[in-house]
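Nothing in this text is a laboratory measurement; each read-out follows from the coordinates by a stated rule. Every value quoted in this text rests on a predicted model; they were computed, and no experiment measured them. When we count neighbours, we look across all protein chains shown, and the Cβ atoms used for this are built from the backbone with ideal geometry, even at glycine.
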Amino acid sequence: MRRLAGWVAGALLLFAAQPGAAGLRTGAPTRPLPEPAAILRTLLRAPALIDYEGTKVISTVRGRTAETVTMLEAYKRLGKLRLEFLSPESVSGRLVVDDGASSWQYEPSMHLVVRGPSFVSGVGRPERAEEIVRGYGVRILGREEVIGRDTVVVSLAAGRSGSHRRLWVDEATGVPLRTEERDTRGEIVFVSYFSRISYSLNLPPALFQFRQPAGARVVAFHLTGDPVATPSELLGLARSPVAVPALLLGRYRFHDGRIAQHGAFSAAVATYSDGISVLTVFQTPSSRMAFPEVGAPIAFGPGSARLLDLGYFRVVLWQRGGMNFAVLGNVPRTILLQAADELNAARPR
Amino acid sequence: MTHLAASQRLSAYLDGELGTAERRAVETHLRTCPVCRRDLAELEQVKTLLGALPEVEPPAGLFADIRRELERPTPVLGPLGGWLRGAFRRPAVVAAAALLAVLLIALPLAKGRIDRLQAANVGADVYVREHALLSATDPFADRAYLGLLIGDANVALVGQRRAPEDGR
């Protein structure tokens, strides 16, 4: 274990030494750093203005395991995405194509195509920059060169968690060339960076149209259930008493709800958003679902509780009052546990 | 622990899936609740019955015999009475009918337990997939990583799980 931890720390140090991680230039004397809202506006406008194609490297710590994934990423306005996975071997050859309305995944080892909804937003919303500056701790750390391009290093802190993301935003295009997630101790748990990027290629539309390989098996997984807009509507849909507060942690507002189903699985789902990040809460009666033995056990409440750490997402699962709960978010564990505490205190109806 | 909460946990209690605190709470409730004690006894009985059921092949001539009995006119008792009278003359028919009755009761219960385990098996993958899809609204979300997570969950939901490699 100590050896693995040492390797993980070493690997992350190595990533920290990649272009973009060190030696921040705190502003050239002739060129002042942009205001946080200004660089965020550039970033938020980019999906509607910029096409790119590049090689991306992602390294993340999942529980006790570190993994590095390399892929070709191509993006075309508005909301079209193509991912070709290169390594490691377990994902090599995987192709994901998203045309902004639907997505297709081809898994060569299984000769399988999975069709589902789009997961790419191509809408540029620069007006949200002010909202983000108000809701998050946003700081400009300096200016730095990444793969030969000038970037502005932006730090984002969610709430009072002390945890934050850092984005190296291409000053000219608004595309993040590097992203880091750190835990509450300041350790890097997720790094994503382009090792090469090309802009303004006017990428051909055919690149974002999926052509089904001959003879491939096709399955369709969609988000199930029509969404409802209020907690009371979700309470009406759920067949068991569920806890659906309108607000979590004082800033995550109820966004929508559904009844999710997949085979024998069924759950009342409530999505919360602070305008930027998303928390998703799943509730299923224990009588219809055994407790999922995933992740690692944690101390929380009187019953079983577990934490599944995917590096980028964290999942806290627990049981209370004959219900299985799960709350997910791209936020630190402490914030998820606070949300879990609030859900425990909320009265099921 | 309330009666409702305890009754919802009886199956999990029987399967030894509860944590220490919940198990103690259910046991405390059971000491004072005759309804839950009866429900628990019935669940135990069904579990015992399921475990003890032999694999029985129906006799070779069973269905021909039933058809012949059904087709024979019985003006006094009517068709059902005639079938019953004929059936009770043959112990194998009675045994098969009893087995059928037990299965009709036990199968839904067994299916409920299987569904419960299947739901737990896919639950975490559904959580991750749906959350990743809903995270598209986050302007700072890394699209490539969302694609990786959704892809891994899709593969798991069709029955194969990708083991992340540690990169060493």
Inter-label distance, nm, simple model (7 Å from Cα along the C-beta direction), B:Asp15/A:Leu49:
5.5
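Averaging over every viewing direction, what projected area does the convex hull of the Cα atoms of the stretch A:16-218 cover, in nm²? Working shown, then result.
Working: hull surface 50.8 nm².
It is 12.7 nm².
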Residue by residue through A:321-328, how many Cβ atoms from other chains fall within 10 Å of the Cβ on average?
5
Going Cα to Cα from A:Lys76, which aspartates and glutamates come in below 20 Å? Please leave out same-chain ones fewer than 8 positions away.
A:Asp51, A:Glu53, A:Glu84, A:Asp98, A:Asp99, A:Asp170, A:Glu171, B:Asp138, B:Asp142
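Assuming R0 = 30 Å, can you tell me the calculated FRET efficiency for the pair B:Leu117 and A:Ser109, based on Cβ-Cβ distance, to the nearest 0.05?
Details: r = 27 Å, r/R0 = 0.89.
With a Förster radius of 30 Å, E is 0.65.
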If r is the Cβ-Cβ distance from B:Leu100 to B:Glu71 and R0 is 25 Å, what FRET efficiency results, to the nearest 0.05?
0.75
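Mind giving me the FRET efficiency for A:Ser102 and A:Arg134? R0 is 30 Å, r the Cβ-Cβ distance, nearest 0.05 is fine. Display every interim value, and only then the final one.
Numbers: r = 35 Å, r/R0 = 1.16.
FRET efficiency, A:Ser102 to A:Arg134: 0.30.
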Could you list which residues have their amide H under 5 Å from that of A:Met289, counting only those 5 or more apart in sequence or on another chain, with H placed in the peptide plane?
none
Which angle between 0 and 90 degrees, to the nearest 10, do you get for helix B:20-32 versus the longest principal axis of chain B when only C-alpha atoms count?
40
What does the average come to when, for each residue of peptide B:7-17, you count the partner chain Cβ atoms lying within 10 Å of its Cβ?
3
Yeah, the stretch A:196-247 with a ≥ b ≥ c from its alpha-carbon gyration tensor (a/c under 1.5 is rounded, else prolate when a/b outruns b/c, oblate otherwise) is oblate
Which angle from 0 to 90°, rounded to the nearest 10, does the C-alpha axis of helix B:91-134 make with the longest principal axis of chain B?
10
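With the contact rule set at Cα under 8 Å and sequence spacing of 6 or more, what percent relative contact order holds for chain B? Provide the component values of the computation, followed by the final result.
Values: 74 pairs, mean separation 20.8, N = 168.
Normalised by residue count, the contact order of chain B is 12 percent.
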Can you return the lysines within cross-link range of A:Lys80? Criterion is Cα-Cα under 29 Å, with same-chain partners fewer than 8 residues away left out.
A:Lys56
Mind checking the mean number of beta-carbon atoms from other chains within 10 Å of the Cβ atoms in A:177-190?
1
At what distance in nm do the modelled label points of A:Gln212 and B:Glu42 sit from each other, each positioned 7 Å from its Cα along Cα→Cβ?
4.8
Between the modelled labels at B:Leu49 and A:Glu171 (7 Å from Cα along Cα→Cβ) the distance in nm is 7.8
For A:Val244, what residues show an amide H to amide H distance below 5 Å, using hydrogens built from the backbone and excluding near sequence neighbours?
A:Arg349
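Counting only C-alpha contacts under 8 Å and six or more residues apart, can you give the relative contact order of the stretch A:207-256 as a whole percent?
Details: 23 pairs, mean separation 15.5, N = 50.
31 percent.
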Output the relative contact order of chain A, whole-number percent, from Cα pairs under 8 angstrom with separation of 6+ residues.
14
Taking B:Lys111 as the anchor, which aspartates and glutamates have their alpha carbon closer than 17 Å to its alpha carbon, excluding any fewer than eight residues away along the same chain?
B:Asp15, B:Glu42, B:Glu44
Nearest 10 degrees is fine. How inclined is helix B:34-52 to the longest principal axis of chain B, computing both from alpha carbons?
80
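Which of rounded, prolate, oblate describes the stretch A:172-290, given a ≥ b ≥ c as roots of the alpha-carbon gyration tensor eigenvalues and a/c under 1.5 marking rounded, otherwise prolate only if a/b is larger than b/c? Walk me through the numbers on the way to the answer.
Working: a/c = 2.21, a/b = 1.38, b/c = 1.60.
It is oblate, given that a/c is not under 1.5 and a/b is not larger than b/c.
Run the dipole for the stretch A:16-218 about the Cα centre, Lys and Arg Cβ at +1, Asp and Glu Cβ at -1, nothing else charged, and hand back the magnitude in debye, nearest 20. Write out the running numbers ahead of the final one.
Values: 28 positive and 22 negative charges, 51 e Å.
Dipole of the stretch A:16-218, to the nearest 20 debye: 240 debye.
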